[in-house]
Amino acid sequence: MAWVIIRDHHKIIMSTIRIFISSVQREFAQERRALRNFLQNDPLMRRFFDVFLFEDVPASDRVPLLAEPLYLTQYIERMGTGTLDMIRRCRDAGLPEPEFTDSSGFKTTIWRATPTKNIKVLPESLPESLPESLQSRVIVLLAKGPMQKSELSKSLGQKAISAQLNAVVRKLVAEQSIEYTIPEKPNSRLQKYRLTDKGRTELSKLKSGNAV
């Protein structure tokens with residue numbers, strides 16, 4: 001439970017101290033109300049203290065009410081600049097102004113920029129249930145010319161060579177649909193893959209609508 005004591009300097013005859021009782025823990029709500037009622041109902045306390053709860057204050061008055069003591073105790077640099085800074089930064093970025101709502105807790109909504117064009121994002125790897133789809137895509141890519149496995153992976157939108165791509169490449173090599181460009185050094189870092197006659201036949205089937 002937190003108390004913030006706010007002195008009201010606008011009172012000339014008697015300086016009243018305002019006590020703000022707050023807690024983020026809902027289970028202390030009853031205790032907070034009991035403390036407020038005790039201070040409000042005590043004649044002596046009532047002469048010197050004005051006590052209130054967070055929910056007693058209208059939402060529009062909460063920020064300026066709490067900003068002054070936080071500024072005076074150097075918890076914030078300047079009073080009331082954070083909200084204005086957010087609005088200004090959104091305007092500078094060409095975004096709509098933030099939306100502030102006070103429903104079951106204070107909430108700020110900041111809008112994202114709308115993409116200027118549609119961006120097609122390829123999955124990092126295809127589901128294991130669709131190996132033929134990946135096999136077809138590899139054949140179509142190799143129709144453009146020999147490619148390294150890393151080039152195939154990049155063209156498929158993968159961040160790294162996936163286990164599924166490795167399996168598909170091995171399968172196509174075993175079926176003689178593709179072949180090494182350096183057959184005498186299968187593990188060479190310069191190794192590339194290209195279509196065989198069988199692979200070109202499968203490519204023709206793909207173009208005619210018959211999947212591999």
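Results, tabulated for the structure shown:
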{"read-out": "Given Lys185/Lys205; Lys144/Lys185; Lys159/Lys198; Lys185/Lys207, the pairs whose alpha carbons are separated by over 25 Å", "value": "Lys185/Lys205; Lys159/Lys198; Lys185/Lys207"}
{"read-out": "Difference of contour (0.36 nm per residue) and Cα-Cα distance, Phe48 to Ala29", "value": "4.4 nm"}
{"read-out": "Residues Leu95, Leu134, sorted so that the one with the fewest Cβ neighbours within 10 Å comes first", "value": "Leu95, Leu134"}
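FYI, it's all coordinate maths here, none of it is from the lab. Keep in mind that this is a model prediction, so the values were computed, not measured. No Cβ is skipped: glycine too gets one built from the backbone with ideal geometry, and neighbour counts run over all protein chains shown.
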